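To keep things clear, I will list the structure first and then write my remarks on it.
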Amino acid sequence: MATASAAPQLRKGVLGPVVLALLEQRDRYGLEIVRELAALELIASEGTVYPLLTRLQDSRAVESTWVVSDSERPRRYYRLTAAGRDELAAFRADWPAFTRAVDSILDNHEG
């Protein structure tokens, strides 16, 4: 019996912190975030990103503003907030211990 890859669930689990890290670098508009995540093969479709951005806004980790330009259509830009920086810092602090724990189990197999 074939088993499904765990990669989609792993990607989904880290997508929020990855988006926060992208926004830490600079403000971005939604489609720009989608394209970057797709290029890194972290998402299969944009359908996962916009609900995530809404959840991040609801939790006050990010905020958004509409930018209107004469040369382009209006775009909603997302910006990291102080709460988002705190959330990202907490994830960064936890990530090494988490990956070491998982690695210690995965690497300790009988073969």
Treating only Lys and Arg (+1) and Asp and Glu (-1) as charged, each at its beta carbon, one finds that the chain has a dipole about its Cα centre, in Debye to the nearest 20, of 300 debye
Which of 66, 95 has the fewest Cβ neighbours within 10 Å, and the rest in rising order
66, 95
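In percent, what relative contact order does the chain have, based on Cα pairs under 8 Å that are 6 or more apart in sequence? Please report the intermediate quantities before stating the final value.
Details: 90 pairs, mean separation 29.6, N = 111.
With pairs under 8 Å counted, the relative contact order is 27 percent.
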I want the local charge near residue 100. Using Cβ-Cβ distances under 15 Å, sum +1 for each Lys or Arg and -1 for each Asp or Glu among the other residues.
-2
GluC sites (Glu not before Pro) lying in DSSP loop within the stretch 1-93, provided at most 13 other Cβ fall within 10 Å:
41, 72
May I ask which residue of 88, 68, 49 lies farthest towards the positive end of the charge dipole of the stretch 48-111, with charges of +1 (Lys, Arg) and -1 (Asp, Glu) on Cβ and the Cα centre as origin?
68
Between residue 58 and residue 25, the two model label points (7 Å from Cα along the beta-carbon direction) sit apart by a distance in nm of 2.8 nm
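How large is the translational diffusion coefficient of the chain in µm² per second when you combine the Kirkwood radius over alpha carbon pairs with Stokes-Einstein at 10 °C and 1.306 mPa s? Spell out each step's value before the answer.
On the way: Rh = 15.7 Å.
The Stokes-Einstein estimate is 101 µm²/s.
So for 40, 20, fewest C-beta neighbours within 10 Å to most, what's the order? Don't skip to the answer; put the middle values down first.
Details: 40 11, 20 22.
In order of increasing Cβ crowding within 10 Å: 40, 20.
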For 98, 91, what's the fewest-to-most ordering of other Cβ within 10 Å of each Cβ?
98, 91
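No lab work stands behind these numbers, since they all come straight from the coordinates. In this text the structure is predicted, and so the values were computed from the model without any measurement. Ideal geometry is used to build each Cβ from the backbone, glycine not excepted, and the neighbour counts take in all protein chains shown.
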